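A short write-up of the structure that comes next.
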Amino acid sequence: MSSTTRPAQRRLGTTGPVTSTLGLGCMGMSDLYGPADEAESIATIHAALDAGITLLDTGDFYGMGHNELLIHEALRGRDRESVQISVKFGAQRGPDGQWLGYDASPAATKTALTYTLRRLRTDHVDVYRPARLDPKVPIEETVGAIADLVKGGYVRHIGLSEVGADTLRRAAAVHPISDLQIEYSLLSRSIEAAVLPAARELGIGVTAYGVLSRGLLSGHWNPDRDLAGTDFRSHSPRFQGENLAHNLALVEALRTIAAAKDASVAQVAIAWVASRGQDVVPLVGARRRERLTEALGSLDLTLTEADLAAIEAAVPAGSAAGDRYAAAQMAHLDSER
């Protein structure tokens, strides 16, 4: 199945920007998924923009600034106002790439944004968000600092990432929150219990990352694939041993449904996330144009109630084996508490 229409639009919450139904997550073009081809990455961003995707998601710590520089290069000569750039900040890394913790203090927040604007060569960021909850800094202080940046015209909307329902409520009491960026896929549905209802109660949209569970739900994963030590998946519990075998069996059950729809497994998985509500915008992490084309095909896929029931039966909530992050990383996820 290939895309024949430009992406429709959705609004990020009641106060956020209008974006394309699909966003492009750019992290893998610089970091965490092994080597990437810079020329192909830029070509993929160009193809996404030409297809009508307007939301580009990045983080200032993706490749320690490389991803923002890459987006700047890709946007050279393009209409800046036609694109929404979403940036995460706060993660601290050493020159060897090691993770050193999080800093979302007001001073660090404003400093990080200053460097982001310089790397992107732009005068504003459309959505700015801490990558994780900083346990040393009340969320009210972080949001208050970003609110100052909104008043100054440097940031247009405030977002959050991987926080729980209580944190959402505390943040929204300080300033309107456009969206919560959080992992949401057929294999990661924990937000449905408390986080998603709270977001909807507050008028906060969801930008869903990991919609293909980092490749598990792509339909292309080879269990014998050799992963570099710098590839996040080489340490992810879901990609290890019996967990991987179990999860790939779920994918094969989903493949039968996809075949009946004349679609790929990836297209069904993306369409399922998009079907969760008009307030949910899936982020696809395509690093190459052929994967982007496949992802765009999900926009032509209509899932009926019967299809959704079949998908639910094939991949029930809670059926994934293994946590989505290693134990040390899970400790930083306020959304899991």
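So between Ala173 and Ala194, what do we pick up on full extension, going 0.36 nm a residue minus the alpha carbon distance? Kindly include the intermediate steps, with their values, before the conclusion.
Numbers: separation 21, 0.36 × 21 = 7.56 nm, distance 1.81 nm.
My answer for the length gained is 5.8 nm.
With the alpha-carbon atoms as the only input, what is the per residue convex hull volume for the range 263-328 in Å³?
It comes to 127 Å³ per residue, whole-number rounded.
Which percentage, to the nearest 5, of the DSSP beta bridges contained in the range 48-119 is antiparallel?
Looking only at bridges with both residues in the range 48-119, the antiparallel portion is about 40 percent.
Order of 106-112, 241-247 by packing, highest average Cβ count within 10 Å first?
Averaged packing, sorted descending, gives the order 106-112, 241-247.
Setting aside same-chain residues fewer than 8 positions from Lys261, which aspartates and glutamates have a Cα under 18 Å from its Cα?
Here the aspartates and glutamates satisfying the reach criterion relative to Lys261 are Glu252, Glu294, Asp300, Glu305, Asp307, Glu312.
For Glu242 and His220, calculate 0.36 nm times their separation in residues minus their Cα-Cα distance, and state this gained length in nm to one decimal.
Between Glu242 and His220, full extension yields an extra 6.1 nm.
Which FRET efficiency, nearest 0.05, do Ser319 and Arg78 yield, Cβ-Cβ r, R0 45 Å?
Working: r = 42 Å, r/R0 = 0.92.
Working from the Cβ atoms, E equals 0.60.
Enumerate the lysines that Lys88 could reach by cross-link, defined here as Cα to Cα under 16 Å, with residues fewer than 8 away along the same chain left out.
List returned: Lys110.
Would you mind telling me the antiparallel percentage of the DSSP bridges in the chain, rounded to 5? Write out the running numbers ahead of the final one.
Working: 7 of 35 bridges.
Roughly 20 percent of the beta bridges in the chain run antiparallel, per DSSP.
If one computes P(r) from the Cα atoms of the range 1-99, what percent of pairs lie at distances over 23 Å?
Value for the range 1-99: 30 percent of Cα pairs lie more than 23 Å apart.
If you take the charge dipole of the range 14-162 about its Cα centre, with +1 on Lys and Arg Cβ and -1 on Asp and Glu Cβ, which of Met27, Thr116, Leu75 is farthest toward its positive end?
About the Cα centre, the residue reaching furthest to the positive side is Thr116.
Give the accessible surface of the chain per residue, rounded to a whole number of Å², with probe radius 1.4 Å and ligands, DNA and RNA excluded.
Computed with neighbouring chains in place, this is 41 Å² per residue.
So, by mean Cβ neighbours within 10 angstrom, what's the order for 86-93, 143-150 with the highest one leading?
86-93, 143-150
Figure the gain on full extension for Lys151 and Asp166 (residue separation times 0.36 nm, minus the Cα-Cα span) and round it to one decimal in nm.
2.9 nm
Where a ≥ b ≥ c are the square roots of the eigenvalues of the C-alpha gyration tensor, would you call the range 52-192 rounded, which needs a/c under 1.5, or, failing that, prolate if a/b is larger than b/c, or oblate? Please report the intermediate quantities before stating the final value.
On the way: a/c = 1.29, a/b = 1.28, b/c = 1.01.
Note, shape of the range 52-192 comes out rounded.
If you average the sequence gap of Cα pairs under 8 Å that are 6 or more apart and divide by the length of the chain, what percent do you get for the contact order?
For the chain, the relative contact order is 23 percent.
Calculate, for Glu305 and Thr111, the FRET efficiency according to 1/(1 + (r/R0)^6) with r their C-beta to C-beta distance and R0 45 Å; round to the nearest 0.05.
Efficiency computed from Cβ-Cβ geometry: 0.35.
So for the range 114-172, Kirkwood radius off the Cα pairs, Stokes-Einstein at 10 °C and 1.306 mPa s: how many µm² s⁻¹?
132
What percent do you get for the relative contact order of the range 1-89 when only Cα pairs under 8 Å and 6+ apart count? Provide the component values of the computation, followed by the final result.
Values: 118 pairs, mean separation 25.9, N = 89.
The value is 29 percent.
Go ahead and estimate [θ] at 222 nm for the chain from helices alone: -39,500 (n - 2.57) per DSSP H run with n ≥ 4, summed, over the residue count, rounded to 500.
Numbers: 11 runs with 119 residues, N = 337.
Using -39500 (n - 2.57) per qualifying helix, the result is -10500 deg cm²/dmol.
Would you calculate the convex hull of the Cα atoms in the range 113-211 and tell me its volume per residue in Å³?
Taking only Cα atoms, the range 113-211 has a hull volume of 101 Å³ per residue.
The values are calculated or read from the model by the stated rules, or taken from the named source; none is laboratory data. Nothing here was measured: the structure is a model prediction, and the numbers come from that model. Every residue, glycine as well, gets a Cβ built from its backbone with ideal geometry; the counts of neighbours run over all protein chains shown. We work out accessible area using only protein heavy atoms, side chains counted, and drop any ligands, DNA or RNA first. Shrake-Rupley method; radii C 1.70, N 1.55, O 1.52, S 1.80 Å.
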